[in-house]
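Below is one structure, written out as structure tokens; comments come after it.
The values are calculated or read from the model by the stated rules, or taken from the named source; none is laboratory data. As the structure is a computational prediction, the values presented were derived from the model and not from experiment. With ideal geometry, Cβ positions are generated from the backbone for all residues, glycine too; neighbour counts draw on all protein chains shown. These area figures cover heavy atoms from the full protein model, side chains too; ligands, DNA and RNA do not enter into them. Shrake-Rupley method; radii C 1.70, N 1.55, O 1.52, S 1.80 Å.
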Amino acid sequence: TQLLEQSPQFLSIQEGENLTVYCNSSSVFSSLQWYRQEPGEGPVLLVTVVTGGEVKKLKRLTFQFGDARKDSSLHITAAQPGDTGLYLCAGVVALSGDMRFGAGTRLTVKP
Amino acid sequence: GAGVSQSPRYKVAKRGQDVALRCDPISGHVSLFWYQQALGQGPEFLTYFQNEAQLDKSGLPSDRFFAERPEGSVSTLKIQRTQQEDSAVYLCASSKLAGGEETQYFGPGTRLLVL
């Protein structure tokens, strides 16, 4: 089983819709990161959250770190076809300092 | 260079062959990571270097996998006697300083297919 569980695994929506992707764990993380990966490329960092309850906004993307630093969410408002891609969460495990990835959410936004 | 580069981008190997995958990190970056990404999965940690020292190799799946970074810059991941289950994308990442909190910059990966 993955240390970080992402849901949903696949998401297909129409342009203009809103969506939320979840990243959950029973472990505590000292920080959590969200990446976006395009086909044939490596992951690109979108945001890092470090404080429990922290909320960060990046244009139409809103990232939240859970109060207990065990979970996170990514909310996209008015999705556009350019948002299509694989969204990965990754956490630095508080006890070990290791970084571990979730399996990803594959988002498709149809025009 | 401006980013992390990896070569080759694609590699097809016959089962039993040895392969070597190269990673050129961002110049001056202390830390270098190797990950394995199977189809439809997130990256799985393989090994970590701080300069030339391999500090963590706990993710290497078997003794057929070997990584080195002899001069603290370029790194090579070698897989001996490749098996079909080794087919995956191998990602390299570097970060400026040591420590898990540092931002990792990823290369485009090497897609390995073992027939």
In a GNM of chain A with a 10 Å cut-off on Cα contacts, which of A:41, A:15, A:54 has the highest mean-square fluctuation? A:41
Rank A:51, B:76, B:110 by accessible area, highest first, at a 1.4 Å probe radius? A:51, B:76, B:110
Using the Cβ atoms and a cut-off under 15 Å, what net charge is assigned to the surroundings of residue B:69, where Lys and Arg are +1 and Asp and Glu are -1? -2
What's the average, rounded to a whole number, of partner chain beta-carbon atoms within 10 Å of each residue's beta-carbon in A:29-37? 2
1.4 Å probe, heavy atoms, protein only - residues of the stretch B:37-79 losing at least 10 Å² accessible area vs chain alone: B:37, B:40, B:41, B:42, B:43, B:44, B:45, B:56
Summarise the accessible area of the protein assembly as shown (1.4 Å probe, protein heavy atoms) by the percent that is carbon and sulfur. 50 percent
Roughly how much accessible area, to the nearest 100 Å², goes out of reach of solvent when B and A pair up, both sides summed, probe 1.4 Å? 1500 Å²
Those lysines that a straight Cα-Cα span of less than 18 Å connects to residue B:57, excepting residues fewer than 8 apart in one chain: B:78
For residue A:94, what residues show an amide H to amide H distance below 5 Å, using hydrogens built from the backbone and excluding near sequence neighbours? A:28, A:29, A:30
Among A:27, A:73, A:12, which one moves the most in a GNM of chain A with springs linking Cα atoms closer than 10 Å? A:12
